[in-house]
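The values are calculated or read from the model by the stated rules, or taken from the named source; none is laboratory data. Source: prediction; values computed, not measured. Glycine also receives a Cβ, built like all others from the backbone with ideal geometry; neighbour counts cover every protein chain displayed.
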Amino acid sequence: MDEIKRKRAPSRRSLATRQRIFDAAEQLFADRGFDGASIRDIAKAAGVQTALVNHHGGAKDVFFETVIARRAQPLSQMRLENLVRIETDLAVLPADAAVRAILAAFIRPFLQLAEADLGWRAYARLVAQVSSDVRWAGLAATYFDPTAKRFFATLKNRFPDAPPMAVSEGFVYTVSAMLALSTSRWRIAALAGAPVPEAETIGLEGLLAYAEAGYLALLTNGSCDSAGAFSPQ
């Protein structure tokens with residue numbers, strides 16, 4: 001009887017090399033875009049041979065998708081766990097508090113991860129690229145939309161009379177503002193004539209206040225009662 005051949009698990013060295021390659025690719029894709037970052041550039045940045053990049057990453061479009069996917073899953077899990085924790089309370093919260101709670105469940109995990117790992121700043125720029133270029137619609141649908149639709153459904157359930165387009169509009173605007181905070185804190189500080197804050201979470205409350213007010217205006221068309229009922233003007 002032939003022995004069953006088992007695939008050998010990757011060594012620590014191989015795993016470390018793979019992570020270095022993907023970290024380098026993430027940074028270059030973020031800095032130069034998909035078209036501007038070559039496999040040769042990624043290999044040079046990672047300090048490996050081009051063949052090794054091809055081995056770990058595959059074709060460039062597949063490589064780009066894997067770079068997007070590797071952070072999407074843990075981020076999605078954190079967001080959905082936060083959402084589950086607050087869902088039962090949303091019905092009794094006033095409209096402004098409900099909107100802020102939902103948005104905080106989505107925004108806070110990203111900023112917490114960015115505080116612990118600076119690679120998330122590069123990832124923020126990648127998310128912005130995927131969100132703004134229709135050729136990556138398939139990636140957005142696969143890696144971002146399942147979580148986004150859960151939040152969409154929660155908002156629609158809390159504000160049942162709000163137009164679906166308003167819910168979608170507010171969500172996209174909120175994501176854009178979150179990405180701006182993640183990547184442009186230096187710009188915020190420059191306009192204020194202040195040093196860049198060290199803590200990544202600085203700006204969270206300001207972002208939530210801004211997003212809450214704008215989202216609430218869209219959801220209620222400018223007016224709502226304390227229960228969040230839609231009241232068009």
Would you kindly identify the helices (runs of 4 or more DSSP H) lying entirely within segment 127-224 that contain at least 3 residues that are farther than 26 Å from Asp31 by Cβ? 145-158, 164-183, 204-220
Would you check which residues across segment 89-138 are under 20 Å from Pro74 (Cβ atoms) and of a type in the set (Asp, Glu) and list them? Glu115, Asp117
Give me the pairs, please: first residue somewhere in segment 86-104 and more than 24 Å from Leu181 (Cα to Cα) and in contact (Cβ under 8 Å) with a residue 60 or more places away in the chain, second residue anywhere and of a type in the set (A, V, I, L, M) and buried (at least 20 other Cβ atoms within 10 Å of the Cβ), beta-carbon distance under 8 Å, and either six or more positions apart or on two chains. Leu90/Ala98; Leu90/Ala101; Leu90/Ile102; Ala95/Leu216; Ala95/Leu219
Return the total of residues in segment 37-57 being surrounded by fewer than 16 Cβ atoms within 10 Å (Cβ to Cβ) and under 25 Å from the mean Cα position of the chain (by Cα). 1
Being surrounded by 16 or more Cβ atoms within 10 Å (Cβ to Cβ) and at pLDDT below 90 narrows it down to one of Ala101, Ala114, so name that one. Ala114
What number of residues in segment 149-191 are of a type in the set (Gly, Ala, Ser) and in contact (Cβ under 8 Å) with a residue 60 or more places away in the chain? 2
Give me the pairs: first residue in segment 35-64 and among the aromatic types (Phe, Trp, Tyr), second residue assigned to a loop (DSSP other than H, G, I, E, B), beta-carbon distance under 7 Å, and six or more apart or on different chains, which are they? none
Given the residues Ile21, Ile86, Ile42, which is the only one that is assigned by TED's automatic domain parsing to the domain that holds Asp117 and hydrophobic (A, V, I, L, M, F, W, C)? Ile86
